[in-house]
Amino acid sequence: EGEVHIPPAGFSFSGALGTYDRAELQRGFQIYKEVCSACHSMHLLSYRNLRDIGLSEAEVAAVAASVQIQDGPNDNGEMFERPGRASDRFRSPFANPAAARAANNGALPPDLSVITKARNGGADYIHALLIGYAEPPAGLTLAEGMHYNQYFPGHQIAMAPPLSQDGQLTFGDGTNATVDRMSRDVSAFLNWAAEPELETRRAMGVRVLIFLAILGGLTYAVKRKVWADVH
Ligand code: HEM
């Protein structure tokens with residue numbers, strides 16, 4: 001079976017000088033929160049990290065407070081639940097991998113913190129995967145509880161299509177929530193989660209190149225001057 005070609009999605013952050021689109025990242029977070037977080041953890045992220053995609057301090061506090069976090073033990077040695085704070089990590093949907101498998105037909109929904117780094121094709125792959133569900137080709141019988149996906153290695157995936165209907169959710173910013181739009185936006189959000197430093201890293205690269213160009217020019221001028229009298 002040959003390599004599957006992943007169509008590039010044309011993200012704002014692809015290419016050497018690309019940057020994130022804050023509105024897209026915020027829509028992507030909304031999708032993660034309303035859809036993906038039912039099964040997938042993002043244990044490396046804290047609610048306060050959402051400041052980086054443009055949420056205000058009050059918005060971050062409200063997002064955090066909307067979930068119940070396990071804490072403890074208290075003075076009596078008991079565990080308890082309390083509303084989340086900005087400093088908490090994203091709440092995980094399941095207590096442990098065994099519980100996650102039990103709820104998903106034996107399959108483990110991977111943590112999505114660095115998924116764009118962990119899969120060939122990165123955000124382009126996630127986007128392709130989310131829009132890649134199709135009828136299985138004639139003659140292929142799917143295993144129990146599996147779904148056919150053009151872009152998943154092996155083509156049989158335990159995840160049912162999570163974004164299957166236009167208008168499945170209503171974006172806060174009024175953007176039309178087509179399946180392709182939602183798939184793009186959540187893939188962009190996952191890319192930001194894995195690479196929040198992308199923009200500063202690229203800006204630094206540009207500054208380094210400018211510095212080297214100036215230094216190179218100076219070095220050349222000095223060399224010409226120093227050697228000017230040597231015949
Ligand atoms: C696997 C993304 C929603 C259950 C995956 C993978 C990604 C992903 C990137 C890994 C695919 C790979 O290994 O290459 C998402 C996104 C979601 C979402 C972006 C929201 C839009 C859900 C929901 C459920 C779920 C709601 C549960 C009802 C699973 C399971 C797997 C999986 C069980 C493992 C599949 C397998 O290995 O066969 N998902 N997911 N996902 N997801 Fe999701």
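Each value in this text was obtained by applying a stated rule to the coordinates, not by laboratory testing. This one's a predicted model, so the numbers in the text were calculated from it and none came from an experiment. Here the Cβ is made from the backbone with ideal geometry for all residues, glycine too, and neighbour counts use every protein chain on show.
Per-structure values
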read-out: Shape of segment 59-117, Cα gyration tensor, a/c cut at 1.5; value: oblate
read-out: Relative contact order of the chain, defined on C-alpha pairs under 8 angstrom at six or more residues apart (%); value: 24
read-out: Cα gyration tensor, segment 1-110 - rounded (a/c under 1.5), prolate or oblate; value: oblate
read-out: Cβ-defined net charge surrounding residue 46, 14 Å radius [Lys, Arg +1; Asp, Glu -1]; value: +2
read-out: For the chain, the spread of Cα positions along each principal axis, largest first, Å; value: 84, 62, 36
read-out: All lysines inside 27 Å of residue 33 as judged from Cα atoms, apart from same-chain residues fewer than 8 positions distant; value: 117
read-out: Around residue 67: net Lys/Arg minus Asp/Glu count, Cβ-Cβ under 15 Å; value: +1
read-out: Residue-averaged [θ]222 nm for the chain, counting only DSSP H segments that reach four residues, each worth -39500 (n - 2.57); value: -12000 deg cm²/dmol
read-out: Point-charge dipole on Cβ atoms (K/R +1, D/E -1) for segment 65-137, about Cα centre, debye to 20; value: 200
read-out: Electrostatic dipole magnitude of segment 70-197 [Cβ: Lys, Arg +1; Asp, Glu -1; Cα centre; debye, to 20]; value: 180
read-out: Cα centroid separation, segment 27-79 to segment 102-144 (Å); value: 24
read-out: Furthest towards positive pole of dipole, 149, 172, 105, structure part the chain, Cβ charges; value: 172
read-out: Prolate/oblate/rounded call for segment 1-55, Cα gyration tensor, a/c under 1.5 rounded; value: oblate
read-out: Among 182, 194, 216 - extreme Cα towards positive end, dipole of segment 154-231, charges at beta-carbon; value: 216
read-out: Estimated dipole of segment 1-158 in Debye, rounded to 20 [Cβ of Lys and Arg +1, of Asp and Glu -1, Cα centre]; value: 220
